[in-house]
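Rule-based calculations on the coordinates, nothing more; no lab input. Since this is a predicted model, take the numbers as computed values, not measurements.
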Amino acid sequence: MPILGLGTWKVRCKSSKLSPLLVFGQEIQSAMVKEGVVKREELFVVSKSMVKEGCQKTLSDLKLDYLDLYLIHWPMGFQPGEALSLTDSNGNNIDDGSKFLETWEAMEELVDAGLVKAIGVSNKDQIESILNKPGLKYKPANNQVECHPYLNQEKLINYCHSKGISVTAYSPLGSPDRPMATQPEDPSLLEDPNFKDIAEKHSAQVLICFQIQRNTIVIPKSITPKHIQENFKVFDFVLSDEEMKTILGFNRNWRVCPMTGSMRHKDYPCNAEF
């Protein structure tokens, strides 16, 4: 799995009425078949959704035969609705009564069926429950979590690495364009003067380099070609040990995505030690 990828959350195509997945599917097929600039084995495609039905729809939309990595999106089972899930009158997600270990068994079946190469989890810290599951066939290959200097996930990352599980950091820049998840009083990572001091010595891609030097996969999201190109210019400089230590010191256990509507769910993950 590449250590630097392209995040596609909230990506939309203004010139098309198709869903983002269908648009990406067309672009992938164009690159592979029409232009011949890339082979399928040179791509690493990751998705997360409802188990079998979601996987099959993703493959259909992307016009692919398999996914390289498939993740359980949320660690909690919700009753499905027109939106991501149904909510009660208080805005809380409604528990569907499922158990995530049973969901993991359904994920394992996708590997056996050849629909996915590897499986993993997202927003999850109950890794040990899966690793200790009786009859486990495939352990999680990856854990995709919110991770940035204000939530550096140091203990969780070290734990996952000790178990041979890679970690992917989403929202590595603190998701500055997520107004629905932030409040005016929330801290702004990119405006932090301590961060600016380090960025001025190198480049604005310091936060991406920070994750790479921790051996953490990072998927910054951008729809601007210029920004996408800039995000990949992180291999021509190195942060010093002192700079890495300084950035790790920014941690305040602040989440841009606290999953507030799921706090009463039996599998809510953010109360754990990690």
- In whole Hz, with x marking every Gly and Pro, tabulate ³J(HN,Hα) for region 204-209 from phi via Karplus 6.51 cos²θ - 1.76 cosθ + 1.60, θ = phi - 60°. 5, 8, 3, 5, 6, 4
- Message: Just to check I understand the Karplus step: with θ = phi - 60° and J = 6.51 cos²θ - 1.76 cosθ + 1.60, what whole-Hz values come out for region 151-163, glycine and proline as x?
- Response: 9, 7, 6, 4, 5, 5, 5, 4, 5, 4, 4, 5, 9
